[in-house]
1. Comparing 151, 135, 66, which has the greatest mean-square fluctuation in the GNM of the chain with Cα pairs linked when under 10 Å apart?
2. Pick from 81, 18, 154: which is most flexible by mean-square fluctuation in a GNM of the chain where alpha carbon atoms under 10 Å apart are linked?
3. In a shell of Cβ-Cβ distance under 14 Å around residue 103, excluding residue 103 itself, what net charge do Lys and Arg (+1) and Asp and Glu (-1) give?
4. In terms of modelled amide H atoms, which long-range or inter-chain residues lie less than 5 Å from the amide H of residue 71?
5. Have a look at 202, 96, 143 and report the one farthest towards the positive end of the charge dipole of the range 68-208, computed about the Cα centre with Cβ charges (Lys/Arg +1, Asp/Glu -1).
6. On C-alpha positions alone, give me the angle between the axis of helix 22-31 and the longest principal axis of the chain, in degrees, nearest 10.
7. Going by average Cβ neighbours within 10 Å, how do the peptides 84-96, 47-59, 68-80 rank, with the highest at the top?
8. Could you tell me the accessible area of residue 83 in Å² (1.4 Å probe, neighbours in place), rounded to the nearest ten?
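The values are calculated or read from the model by the stated rules, or taken from the named source; none is laboratory data. Note that the structure is predicted; figures quoted are calculated from it, not measured. Cβ atoms come from the backbone with ideal geometry, glycine included; neighbour counts cover every protein chain shown. The area values use the complete protein model at the heavy-atom level, side chains included, leaving out ligands, DNA and RNA. Shrake-Rupley method; radii C 1.70, N 1.55, O 1.52, S 1.80 Å.
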Amino acid sequence: MSVADGVIVAAGAAPHSANVSGDALALLSEWLPSNSDPARPQIQLATVDADGRPDVRTVLLSEWSTEGFYFHTDSRSRKVADLRANPAVAIEVLWPGFSRQLVIRGFAEQASNEEEADAYARRSPYLKQLAWQNTAELAARPVAERESTWTSFASDNDIARIDAPPTWIGFLVRPDRLTFWESNPTAPSHRVEYALESGDWTEHHLPG
Ligand SMILES: Cc1cc2nc3c(=O)[nH]c(=O)nc-3n(C[C@H](O)[C@H](O)[C@H](O)COP(=O)(O)O)c2cc1C
(Lines give C-alpha, C1' and ligand atoms only; values in the text may rest on other atoms or scores of the structure.)
Protein backbone atom coordinates (compact mmCIF):
# COMPACT_ATOMS: atom_id res chain seq x y z
CA MET A 1 0.00 0.00 0.00
CA SER A 2 1.17 3.50 -0.71
CA VAL A 3 2.18 5.88 2.02
CA ALA A 4 -0.71 8.27 2.52
CA ASP A 5 -0.31 11.37 4.59
CA GLY A 6 -3.58 12.99 5.47
CA VAL A 7 -5.72 12.66 2.35
CA ILE A 8 -9.04 13.23 4.05
CA VAL A 9 -12.13 14.21 2.09
CA ALA A 10 -14.49 15.72 4.62
CA ALA A 11 -14.21 18.98 6.53
CA GLY A 12 -13.09 18.69 10.13
CA ALA A 13 -11.10 15.53 9.45
CA ALA A 14 -7.84 14.29 10.94
CA PRO A 15 -4.99 16.75 11.09
CA HIS A 16 -2.51 13.90 10.79
CA SER A 17 -2.50 10.50 9.26
CA ALA A 18 0.35 8.02 8.97
CA ASN A 19 0.51 4.41 8.01
CA VAL A 20 0.50 1.95 10.88
CA SER A 21 3.97 0.55 11.45
CA GLY A 22 6.23 -1.13 13.99
CA ASP A 23 4.77 -2.89 17.03
CA ALA A 24 1.21 -1.69 16.33
CA LEU A 25 1.33 -3.30 12.90
CA ALA A 26 2.77 -6.50 14.38
CA LEU A 27 -0.09 -6.68 16.89
CA LEU A 28 -2.74 -6.05 14.23
CA SER A 29 -1.24 -8.83 12.12
CA GLU A 30 -1.29 -11.17 15.09
CA TRP A 31 -4.80 -10.31 16.30
CA LEU A 32 -6.82 -9.86 13.08
CA PRO A 33 -7.47 -12.64 10.58
CA SER A 34 -5.90 -12.32 7.17
CA ASN A 35 -7.86 -10.41 4.55
CA SER A 36 -8.24 -13.63 2.54
CA ASP A 37 -10.12 -15.35 5.39
CA PRO A 38 -13.77 -15.50 4.25
CA ALA A 39 -14.98 -15.28 7.87
CA ARG A 40 -14.80 -11.52 8.27
CA PRO A 41 -14.53 -10.01 11.77
CA GLN A 42 -17.57 -8.27 13.18
CA ILE A 43 -16.70 -4.78 14.34
CA GLN A 44 -18.72 -2.18 16.23
CA LEU A 45 -18.64 1.10 14.36
CA ALA A 46 -19.52 4.28 16.27
CA THR A 47 -20.33 7.51 14.46
CA VAL A 48 -21.58 10.94 15.50
CA ASP A 49 -24.44 12.68 13.74
CA ALA A 50 -24.75 16.33 12.73
CA ASP A 51 -26.20 17.15 16.17
CA GLY A 52 -23.34 15.46 18.01
CA ARG A 53 -25.32 12.36 19.04
CA PRO A 54 -23.43 9.09 18.89
CA ASP A 55 -24.70 5.92 17.25
CA VAL A 56 -23.25 2.44 16.96
CA ARG A 57 -23.82 -0.69 14.90
CA THR A 58 -22.04 -3.85 13.83
CA VAL A 59 -20.46 -4.09 10.39
CA LEU A 60 -17.98 -6.47 8.82
CA LEU A 61 -14.33 -5.56 8.59
CA SER A 62 -13.88 -6.06 4.84
CA GLU A 63 -10.10 -5.74 4.91
CA TRP A 64 -7.33 -3.75 6.51
CA SER A 65 -3.90 -2.48 5.52
CA THR A 66 -1.21 -0.22 6.94
CA GLU A 67 -3.42 2.68 5.81
CA GLY A 68 -6.41 1.64 7.86
CA PHE A 69 -9.61 -0.36 8.12
CA TYR A 70 -12.25 -0.84 5.43
CA PHE A 71 -15.97 -1.44 5.82
CA HIS A 72 -18.78 -1.35 3.27
CA THR A 73 -22.37 -0.32 3.49
CA ASP A 74 -25.33 1.35 1.76
CA SER A 75 -24.88 4.99 0.79
CA ARG A 76 -28.45 5.76 1.98
CA SER A 77 -27.79 4.48 5.49
CA ARG A 78 -27.73 6.55 8.68
CA LYS A 79 -24.06 5.83 9.24
CA VAL A 80 -23.21 7.38 5.87
CA ALA A 81 -25.24 10.49 6.70
CA ASP A 82 -23.31 10.68 9.98
CA LEU A 83 -19.97 10.31 8.22
CA ARG A 84 -20.87 13.04 5.75
CA ALA A 85 -21.55 15.36 8.67
CA ASN A 86 -18.60 14.20 10.76
CA PRO A 87 -15.95 11.70 9.59
CA ALA A 88 -14.76 10.93 13.14
CA VAL A 89 -15.35 7.30 14.07
CA ALA A 90 -14.53 4.74 16.72
CA ILE A 91 -14.39 1.01 16.13
CA GLU A 92 -14.38 -1.76 18.68
CA VAL A 93 -13.37 -5.35 17.96
CA LEU A 94 -14.10 -7.89 20.71
CA TRP A 95 -12.60 -11.35 20.96
CA PRO A 96 -14.55 -14.09 22.76
CA GLY A 97 -13.72 -15.38 26.21
CA PHE A 98 -12.81 -12.18 28.02
CA SER A 99 -9.51 -12.20 26.18
CA ARG A 100 -8.91 -9.24 23.88
CA GLN A 101 -10.39 -5.95 22.79
CA LEU A 102 -9.12 -3.59 20.13
CA VAL A 103 -10.39 0.00 20.04
CA ILE A 104 -9.63 2.15 17.02
CA ARG A 105 -10.22 5.86 16.72
CA GLY A 106 -9.82 7.63 13.44
CA PHE A 107 -11.40 9.38 10.51
CA ALA A 108 -13.32 7.81 7.64
CA GLU A 109 -13.00 8.69 3.99
CA GLN A 110 -14.60 7.05 0.98
CA ALA A 111 -12.62 4.13 -0.40
CA SER A 112 -11.48 4.09 -4.02
CA ASN A 113 -13.85 2.77 -6.70
CA GLU A 114 -11.46 -0.11 -7.28
CA GLU A 115 -11.42 -1.13 -3.62
CA GLU A 116 -15.22 -0.91 -3.45
CA ALA A 117 -15.60 -3.17 -6.49
CA ASP A 118 -13.03 -5.68 -5.19
CA ALA A 119 -14.70 -5.85 -1.79
CA TYR A 120 -18.10 -6.43 -3.39
CA ALA A 121 -16.68 -9.21 -5.55
CA ARG A 122 -15.46 -10.97 -2.39
CA ARG A 123 -18.85 -10.82 -0.65
CA SER A 124 -20.89 -14.03 -0.42
CA PRO A 125 -23.81 -14.39 -2.86
CA TYR A 126 -26.23 -13.70 0.01
CA LEU A 127 -24.49 -10.44 0.93
CA LYS A 128 -24.25 -9.39 -2.73
CA GLN A 129 -27.99 -9.80 -3.08
CA LEU A 130 -28.60 -8.10 0.24
CA ALA A 131 -26.76 -5.02 -1.03
CA TRP A 132 -29.28 -4.84 -3.89
CA GLN A 133 -32.41 -5.55 -1.88
CA ASN A 134 -31.81 -3.92 1.49
CA THR A 135 -34.14 -1.04 0.68
CA ALA A 136 -36.53 1.00 2.82
CA GLU A 137 -39.32 0.20 0.35
CA LEU A 138 -38.90 -3.56 0.68
CA ALA A 139 -38.39 -3.38 4.45
CA ALA A 140 -41.86 -1.81 4.75
CA ARG A 141 -43.55 -4.74 2.95
CA PRO A 142 -44.99 -7.84 4.66
CA VAL A 143 -42.55 -10.70 5.18
CA ALA A 144 -44.16 -12.91 2.51
CA GLU A 145 -43.66 -10.16 -0.06
CA ARG A 146 -40.04 -9.64 1.04
CA GLU A 147 -39.41 -13.35 0.62
CA SER A 148 -41.02 -13.59 -2.82
CA THR A 149 -39.16 -10.48 -4.02
CA TRP A 150 -35.92 -12.02 -2.77
CA THR A 151 -36.61 -15.31 -4.58
CA SER A 152 -37.53 -13.53 -7.83
CA PHE A 153 -34.38 -11.43 -7.76
CA ALA A 154 -32.25 -14.54 -7.18
CA SER A 155 -33.80 -16.38 -10.11
CA ASP A 156 -33.66 -13.35 -12.45
CA ASN A 157 -29.98 -12.55 -11.80
CA ASP A 158 -26.63 -14.35 -11.75
CA ILE A 159 -25.96 -13.34 -8.16
CA ALA A 160 -22.43 -14.73 -7.99
CA ARG A 161 -21.37 -12.45 -10.87
CA ILE A 162 -23.61 -9.44 -10.41
CA ASP A 163 -21.97 -6.01 -10.12
CA ALA A 164 -22.42 -3.84 -7.04
CA PRO A 165 -25.53 -1.66 -6.89
CA PRO A 166 -24.96 2.09 -7.19
CA THR A 167 -25.67 2.41 -3.47
CA TRP A 168 -22.69 0.21 -2.50
CA ILE A 169 -20.08 2.34 -0.74
CA GLY A 170 -16.87 1.62 1.12
CA PHE A 171 -14.94 3.60 3.71
CA LEU A 172 -11.35 3.58 4.82
CA VAL A 173 -10.87 4.50 8.48
CA ARG A 174 -7.41 5.98 8.91
CA PRO A 175 -6.54 5.46 12.58
CA ASP A 176 -4.95 7.98 14.89
CA ARG A 177 -5.26 5.80 17.98
CA LEU A 178 -5.09 2.03 18.42
CA THR A 179 -5.71 0.52 21.87
CA PHE A 180 -5.04 -3.17 22.45
CA TRP A 181 -6.58 -4.54 25.65
CA GLU A 182 -5.55 -7.96 26.86
CA SER A 183 -6.68 -9.96 29.86
CA ASN A 184 -4.26 -11.86 32.05
CA PRO A 185 -5.58 -14.27 34.69
CA THR A 186 -2.42 -13.91 36.76
CA ALA A 187 -1.93 -10.14 36.45
CA PRO A 188 -4.09 -7.07 35.88
CA SER A 189 -5.55 -6.63 32.44
CA HIS A 190 -3.40 -4.28 30.44
CA ARG A 191 -3.66 -1.92 27.50
CA VAL A 192 -0.97 -0.93 25.08
CA GLU A 193 -1.90 2.10 23.05
CA TYR A 194 -0.40 3.61 19.91
CA ALA A 195 -1.32 7.23 19.38
CA LEU A 196 -0.43 9.37 16.42
CA GLU A 197 1.35 12.35 17.94
CA SER A 198 2.83 14.97 15.59
CA GLY A 199 2.93 12.43 12.78
CA ASP A 200 4.60 9.62 14.75
CA TRP A 201 3.12 6.57 16.45
CA THR A 202 3.86 6.75 20.19
CA GLU A 203 3.41 3.77 22.53
CA HIS A 204 1.70 4.12 25.91
CA HIS A 205 0.99 1.49 28.58
CA LEU A 206 -2.33 1.94 30.39
CA PRO A 207 -4.26 0.17 33.12
CA GLY A 208 -6.97 -2.12 31.80
C1 LIG B 1 -23.04 -9.42 12.36
C2 LIG B 1 -23.54 -8.24 11.56
C3 LIG B 1 -22.80 -7.81 10.47
C4 LIG B 1 -23.24 -6.70 9.72
N5 LIG B 1 -22.47 -6.26 8.69
C6 LIG B 1 -22.84 -5.14 8.03
C7 LIG B 1 -21.98 -4.58 7.03
O8 LIG B 1 -20.87 -5.07 6.74
N9 LIG B 1 -22.41 -3.46 6.40
C10 LIG B 1 -23.61 -2.87 6.71
O11 LIG B 1 -23.94 -1.86 6.10
N12 LIG B 1 -24.42 -3.36 7.65
C13 LIG B 1 -24.06 -4.48 8.33
N14 LIG B 1 -24.87 -4.97 9.31
C15 LIG B 1 -26.13 -4.26 9.62
C16 LIG B 1 -25.79 -3.04 10.53
O17 LIG B 1 -25.53 -3.48 11.86
C18 LIG B 1 -26.90 -1.98 10.54
O19 LIG B 1 -28.11 -2.54 11.01
C20 LIG B 1 -27.14 -1.37 9.18
O21 LIG B 1 -25.92 -1.17 8.47
C22 LIG B 1 -27.85 -0.02 9.33
O23 LIG B 1 -27.07 0.81 10.17
P24 LIG B 1 -27.27 2.40 10.24
O25 LIG B 1 -28.76 2.67 10.20
O26 LIG B 1 -26.68 2.77 11.56
O27 LIG B 1 -26.55 3.00 9.08
C28 LIG B 1 -24.45 -6.06 10.06
C29 LIG B 1 -25.19 -6.51 11.17
C30 LIG B 1 -24.74 -7.59 11.90
C31 LIG B 1 -25.54 -8.03 13.11
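1. 151
2. 154
3. 0
4. 62, 171, 173
5. Result: 143, furthest along the dipole toward the positive end.
6. 50
7. The packing order, highest mean first, is 68-80, 84-96, 47-59.
8. About 10 Å², ignoring ligands and nucleic acids.
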